[in-house]
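What follows is calculated from the coordinates using simple rules that are stated; it is not laboratory data. What you are looking at is a predicted structure, and each value in this text was computed from that prediction instead of being measured. Here the Cβ is made from the backbone with ideal geometry for all residues, glycine too, and neighbour counts use every protein chain on show.
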Amino acid sequence: MDYIENTDTQSVGKFTKKFITNYIIGAILIGVVVGIISEILSAFLPTQLQSIANFLLTIFGFWKISLSAVETSLKEVNINSDNVNKVLKNIFIFLIVLLVINILFTYISFKFSTRILTINLIINIVATIIQYAIIMLFCKNKLEEIVLGKKINKTLYIVLLVIAVIILCSSMLFKNNSNTNNNSTNTTNNTNSAIENKYPNAKWVEVGCSSSTNVDSNVATVSVNLGHYKEDTVEKYKVVKIICTIYKESTNEVIGTSETYYEDVELEYGYFSFMKTIRVKLSTPFVGNDFSSKIEAYGIPE
């Protein structure tokens, strides 16, 4: 009996190692392919639709990876029905570790100037969690189909995909509303310089700022939240200016700058009373993740 248990344990461990190896190799290959396709699509799709296209491409890629990793590992290691749950436990632990790492990188990529979760970050994290939940389902269903002969139930896949797409669409609507607010705020002003010229000798003070930056093709999209943590206090400013500077990280070269002004700004407690999306055109396109950003906000108090 002890020999059989040891053999089963060895099989589970060997399968897990094979799965992780096959999964990582597949992820690297699919990552390159999806990255190339995403760059091609960025030339045709609006920025708002690219996140959905990238998400669906990634899901398709990891579907192929998951099926291939399970099938290849089963060809090399024999797993019986008694070991399915043990194998799934190891697979889920591996994927959860990847999920945590992915979320940490997502958080870091938003480059916060203050420690606060913005709506866009929350949406990205939720979409990532759903993505990994679908990957776990892929692995579970394929393993049970081959070893136990169970039929795959595709209903849950569809439900999760629909939920994820709805969440990403909500992000698009949120950004569009922010852009609309940007336009309506500045309709009474001809240019940014005209606003600044109205206050030639005013004293500018730093304003609390939280931001996230994403680069797509030759445009950086900066989501900016202004606010403070003074309870029962409303900070009023005659004008606020937001300065965005985008760098190519490897060379520290400035590849994009913008100054945007807003008049009659009131900031309540927290960082959700003033939210804007600013687009910065880049002089160097297709920098990928090789970028950093510096976002500053200053205001003239009333």
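The table that follows gives values for the structure above.
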read-out	value
Potential extension, Val100-Lys281 segment - 0.36 nm per residue separation minus Cα distance	61.9 nm
Within straight-line cross-link reach of Lys203, lysines at Cα separation under 27 Å, skipping those fewer than 8 residues along the same chain	Lys230, Lys236, Lys238, Lys241, Lys276, Lys294
Residues of type lysines that Lys151 reaches as a straight line, Cα spacing below 19 Å, ignoring anything fewer than 8 places off in the same chain	Lys64, Lys140, Lys142
Extension gain, Val126 back to Glu39 (0.36 nm per residue minus Cα-Cα distance, nm)	28.9 nm
FRET E, pair Leu29, Ser81, Förster distance 41 Å, beta-carbon r, rounded to 0.05	0.85
Cleavage-rule hits (trypsin sites (Lys or Arg not before Pro)) in the stretch 230-302: DSSP loop, at most 13 neighbouring Cβ within 10 angstrom	Lys230
Neighbour-count order for Asp82, Asp232, Asp216, fewest beta carbons within 10 angstrom listed first	Asp232, Asp82, Asp216
Sorted by Cβ neighbour density within 10 Å, fewest at the top, the residues Met275, Met136	Met136, Met275
Sites Glu145 and Asn90, calculated FRET efficiency, Cβ-Cβ separation with R0 25 Å, nearest 0.05	0.85
Length released on extending from Ile158 to Ser250, taking residue separation times 0.36 nm less the Cα-Cα span	29.0 nm
Distance in nm between pseudo-label sites at Lys236 and Ala202 (7 Å out along the Cβ direction from Cα)	1.4
Lys, Arg +1 and Asp, Glu -1 on Cβ, resulting dipole of the stretch 192-301 about Cα centre, debye, nearest 20	280
Ser250, Ser38 arranged by Cβ crowding within 10 Å, fewest neighbours leading	Ser250, Ser38
